[in-house]
């Protein structure tokens, strides 16, 4: 197969979708001899795809198409022509906001979540209209849809009315070796020096987005935990500023325990394993997720996890995490207090987490994705054959009338 892949939604490598795209394509690069891959990459993102230069073809995309609206227009007006020019059999767009209307070849789209339908105020009315109406219409134009959890598959069926046979659940994977190679002692010493996390700490990885990622309630819960226990624990918040970040920074400034809260900004992929290995626990209270990489990364690191019971997080965490209602500040504080006081529970959750993380594998995800591509090509060929038959029938009808 000749496979095209649009990569413009990776936000410079600073998002969960970037993790999905880069890890999936690295795995595909191991199989590039079997298929031909053509990657469409924004110019400033090209260094992130050094691994693909040999086995895959990189097609640079002008930076003028990076702004979201221009990027959407590029997908509708330019990408179909490029698909024709490169004689693609199938084209994969890993974001529902960029799905194509025109059908130059087999089309596959990935829908990571429909969180905006569950979190009031996550997006403005224009984005919500596009998600509810425009994206639903575009999703029905795709030959195949991939999603990353059963939760998201149910959301797609409920909100977009797509037939179940057109939606395939393929879980994200994780490279467990990447997160398990460091000693805890060395990681803790490095975090004390580099991030001023000198004591046991809670760790939360999510862009500073309010209200969706629920930082404000976590900060309140941390305040309650500190007031109740007078413990030296700290809170590390890793993530760059996003919509509503100013409210999160204000919550930190007004927190009683503000001296023990560290806003780390965007943390590089190289530093993430260090922080997970050093952390006393990972707390992930997001209001809704279609998958949720950070809890899984924490589990692969041997870090015990407290996470929200919303969206796909229960599905991903299984029995390897303490689950909380993300809107219950007292409940979050109680679970933090419980886990901080019980080293045996931390050890047990770490053990379960390592087993849970091993169930998620990028090679399996890549193999299953290639099967979806094959089905999409078959659907596109059947569609083309159907058009040819109808055209031939119409020509014959006109000859008969003549």
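The values are calculated or read from the model by the stated rules, or taken from the named source; none is laboratory data. Keep in mind it's a predicted model, so treat the numbers as computed, not measured. Neighbour counts are summed over all protein chains in view; Cβ atoms, including those assigned to glycine, are modelled from backbone coordinates with ideal geometry.
Regarding the stretch 51-62, can at least one residue be identified that is part of a helix (DSSP H, G or I), in the same structural domain as residue 370 (by TED's automatic domain parsing) and free of Cβ contacts under 8 Å to residues at least 60 places away in the same chain?
yes
Given the condition touching a residue at least 24 places away in the same chain (Cβ under 8 Å), crowded, with 16+ Cβ neighbours inside 10 Å and more than 18 Å from the chain's Cα centre (by Cα), answer yes or no: does some residue in the stretch 238-246 qualify?
Yes, because at least one residue in the stretch 238-246 is touching a residue at least 24 places away in the same chain (Cβ under 8 Å), crowded, with 16+ Cβ neighbours inside 10 Å and more than 18 Å from the chain's Cα centre (by Cα).
So which strands (runs of 3 or more DSSP E) are wholly in the stretch 116-215 and hold at least 1 residues that are surrounded by 22 or more Cβ atoms within 10 Å (Cβ to Cβ) and outside the structural domain of residue 300 (by TED's automatic domain parsing)?
Numbers: elements: 144-147, 167-169, 201-205.
Correct list: 144-147.
Among the residues in the stretch 79-91, are any part of a strand (DSSP E or B), closer than 26 Å to residue 115 by Cβ and at pLDDT 95 or above?
Looking only at the stretch 79-91, we keep the residues that are part of a strand (DSSP E or B), and these are 90-91.
Pick out the ones that are also closer than 26 Å to residue 115 by Cβ and you get 91.
Keeping just the survivors that are at pLDDT 95 or above gives 91.
Yes - at least one qualifying residue is present in the stretch 79-91.
Among the residues that make up the stretch 184-201, is at least one of them within 29 Å of residue 108 (Cα to Cα) and modelled with pLDDT of 95 or more? Quick ask: steps written out before the conclusion?
Pass one, the stretch 184-201, residues within 29 Å of residue 108 (Cα to Cα): none.
Within the stretch 184-201, none of the residues are within 29 Å of residue 108 (Cα to Cα) and modelled with pLDDT of 95 or more.
Run down 205, 216, 169 and say which single residue is at pLDDT 95 or above, in contact with a helix residue (DSSP H, G or I) (Cβ under 8 Å, 6 or more places away or on another chain) and more than 27 Å from residue 257 (Cα to Cα).
On the way: 205 fails: more than 27 Å from residue 257 (Cα to Cα); 216 fails: more than 27 Å from residue 257 (Cα to Cα).
Testing whether each residue is at pLDDT 95 or above, in contact with a helix residue (DSSP H, G or I) (Cβ under 8 Å, 6 or more places away or on another chain) and more than 27 Å from residue 257 (Cα to Cα) leaves just 169.
Given (1) within 21 Å of the chain's Cα centre (by Cα); (2) in a loop (DSSP other than H, G, I, E, B); (3) modelled with pLDDT of 95 or more, identify the lone condition not met by residue 232.
(1)
Would you mind stating whether residue 225 is over 20 Å from residue 19 (Cβ atoms), buried (at least 18 other Cβ atoms within 10 Å of the Cβ), out of contact with any helix residue (DSSP H, G or I) (no Cβ under 7 Å at 6 or more places or on another chain) and in the same structural domain as residue 302 (by TED's automatic domain parsing)? So that I can check it myself, show each step before the final result.
Values: over 20 Å from residue 19 (Cβ atoms): yes; buried (at least 18 other Cβ atoms within 10 Å of the Cβ): yes; out of contact with any helix residue (DSSP H, G or I) (no Cβ under 7 Å at 6 or more places or on another chain): no; in the same structural domain as residue 302 (by TED's automatic domain parsing): yes.
In short, no.
One line per residue, one yes/no per condition, for (1) surrounded by 20 or more Cβ atoms within 10 Å (Cβ to Cβ); (2) without any contact (Cβ under 8 Å) to a residue 12 or more places away in the chain; (3) under 16 Å from residue 236 (Cβ atoms):
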{"site": "261", "(1), (2), (3)": "yes, no, yes"}
{"site": "284", "(1), (2), (3)": "yes, no, yes"}
{"site": "289", "(1), (2), (3)": "yes, no, no"}
{"site": "303", "(1), (2), (3)": "yes, no, yes"}
{"site": "311", "(1), (2), (3)": "yes, no, no"}
{"site": "330", "(1), (2), (3)": "no, no, no"}
{"site": "339", "(1), (2), (3)": "yes, no, yes"}
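Which residues, taken from the stretch 11-37, are surrounded by fewer than 20 Cβ atoms within 10 Å (Cβ to Cβ) and more than 17 Å from the chain's Cα centre (by Cα)?
29, 30, 31, 32, 33, 34, 35, 36
Output the residue which, of all residues in the stretch 58-90 that are under 24 Å from the mean Cα position of the chain (by Cα) and closer than 19 Å to residue 29 by Cα, is surrounded by the most Cβ atoms within 10 Å (Cβ to Cβ). Don't jump to the end; show me each part of the working.
Keep residues of the stretch 58-90 that are under 24 Å from the mean Cα position of the chain (by Cα), which gives 58-61, 63, 65-76, 79, 90.
Still in the list and also closer than 19 Å to residue 29 by Cα: 58-60, 90.
Numbers: 58: 17, 59: 13, 60: 13, 90: 26.
Of everything passing the filter in the stretch 58-90, 90 is surrounded by the most Cβ atoms within 10 Å (Cβ to Cβ).
If you check 151, 147, which single one turns out to be over 19 Å from residue 213 (Cα atoms), in contact (Cβ under 8 Å) with a residue 60 or more places away in the chain and touching a helix residue (DSSP H, G or I) at 6+ places or on another chain (Cβ under 8 Å)? So that I can check it myself, show each step before the final result.
Numbers: 151 fails: over 19 Å from residue 213 (Cα atoms).
After ruling out the rest, the residue left standing is 147.
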